[in-house]
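K.L.:
Got a structure for you, written out below as structure tokens; questions coming shortly.
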Amino acid sequence: MRWFDRVCESIEVKPLLDSLVEPLEVSGDFINVNPIKVPDESLYKCDPSRDANKTCTSQINVDKNFEWWENSGIESLQTYGCDGQDEKCLDWKELPKLIHPQAGNLPVDRLERKCEQLQGLALPIVELAKQRQAPVIVDFCSGGGHLGLLLAFLIPEATVHMVENKEESLARARERGIQLGLKNVWYFQSNIDYYKGSFDIGTSLHACGVATDLVIEKSRDQSADIVSCPCCYGAVQAVDGVSYPRSVLFAEKGCTEADYLTMGHTADQTEKHSTKCGQGELFMDIVDTDRCLHLQEHGYHVQLDKISPLTCSPKHNLIVAKYLAANGK
């Protein structure tokens, strides 16, 4: 609302609104309305009182889904980096200090891992951008601009759109971009759904749950290439335009939405040294295999990989998808 009020009061917008909208006469009488009924529960997910509404991830259900996977005949698309390409690295010391995540007020204990995550996404995006002429790259859920600003610097011929719904995060990104003197960055305070621009490459780093699938669908609608590192698999949920499972193949093999949600919750069991870390990794690959099959079914060449090193984050899967008709777009 603060953003909307500022826009409405700007000297450029206010006269236009005044000419389009007739003044509204409001009486002093209040209209009687029925209040919306909401669940009487804590807002904190860890509150035990919310257990009744949680998707069941008992080991019995996990084993049932594992049995389905074993009998489905579907092969995991996870390559574990076995693509034959030489491993490349960014030399952060050669980059401007304002490009480094340290300039974005990131805690010291997260800096190295954040650099590894950013490198994991930036390098394949640079390669995809080489196959496009002056590409438009959209960094969805861009946060404080760590990835978007890095891409704008590494690919000066590209235009980078950073899409973020949090005002404070976007303001930090914009401040860094101005200090860097970057002229090829646009900043959009918007949810994924409301962004309507045309673009060539869509990317997201740890977009939570269904947000990853919204990024994939938004990019697919544009026949854009995709580089995405998913997160919060347990937060997937059917919304307008996104249903589960994503692929036709998973559905044909009998995977239901309820099964899929259990798989998503299981995929979040990836904390290091956890006794269930192994099955979490497996179901993370299963969910992302479904996402990749969905993209293959819509004309993409897809690679499912891991960001190196694996210690950069418990959520280290990487989806790289190139639209096969991109050169003729």
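The values are calculated or read from the model by the stated rules, or taken from the named source; none is laboratory data. Since the structure is predicted, the reported quantities are computational estimates derived from the model, not experimental observations. Positions of Cβ are backbone-derived with ideal geometry, glycine not excepted, and every protein chain shown enters the neighbour counts. For accessibility, only protein heavy atoms count, side chains too; no ligands or nucleic acids. Shrake-Rupley method; radii C 1.70, N 1.55, O 1.52, S 1.80 Å.
K.L.:
How about the range 102-153: which of its residues are touching a residue at least 60 places away in the same chain (Cβ under 8 Å), open to solvent by 40 Å² or more (accessible area, probe 1.4 Å) and either assigned to a helix (DSSP H, G or I) or over 21 Å from Asp221 (Cβ atoms) (or both)?
P.N.:
Of everything in the range 102-153, those that are touching a residue at least 60 places away in the same chain (Cβ under 8 Å), open to solvent by 40 Å² or more (accessible area, probe 1.4 Å) and either assigned to a helix (DSSP H, G or I) or over 21 Å from Asp221 (Cβ atoms) (or both) turn out to be Asn105, Arg113.
K.L.:
Can you find a residue in the range 225-235 that is surrounded by fewer than 19 Cβ atoms within 10 Å (Cβ to Cβ) and not in a loop (DSSP other than H, G, I, E, B)?
P.N.:
Scanning the range 225-235, I find at least one residue that is surrounded by fewer than 19 Cβ atoms within 10 Å (Cβ to Cβ) and not in a loop (DSSP other than H, G, I, E, B), so the answer is yes.
K.L.:
Against the definition (of a type in the set (Val, Ile, Thr), buried (at least 20 other Cβ atoms within 10 Å of the Cβ) and outside any helix (DSSP H, G or I)), how does Thr289 come out, yes or no?
P.N.:
no
K.L.:
Looking at Ser198, Ser243, Ser204, Ser190 in this structure, which one is free of Cβ contacts under 8 Å to residues at least 24 places away in the same chain and either open to solvent by 40 Å² or more (accessible area, probe 1.4 Å) or within 30 Å of Arg2 (Cβ to Cβ) (or both)?
P.N.:
Matching residue, one of Ser198, Ser243, Ser204, Ser190: Ser243.
K.L.:
Another question, then. Exactly one of (1) open to solvent by less than 40 Å² (accessible area, probe 1.4 Å); (2) under 24 Å from Cys231 (Cα atoms); (3) in a loop (DSSP other than H, G, I, E, B); (4) not polar (S, T, N, Q) is unmet by Glu75. Its number?
P.N.:
So Glu75 meets the others, but not (1).
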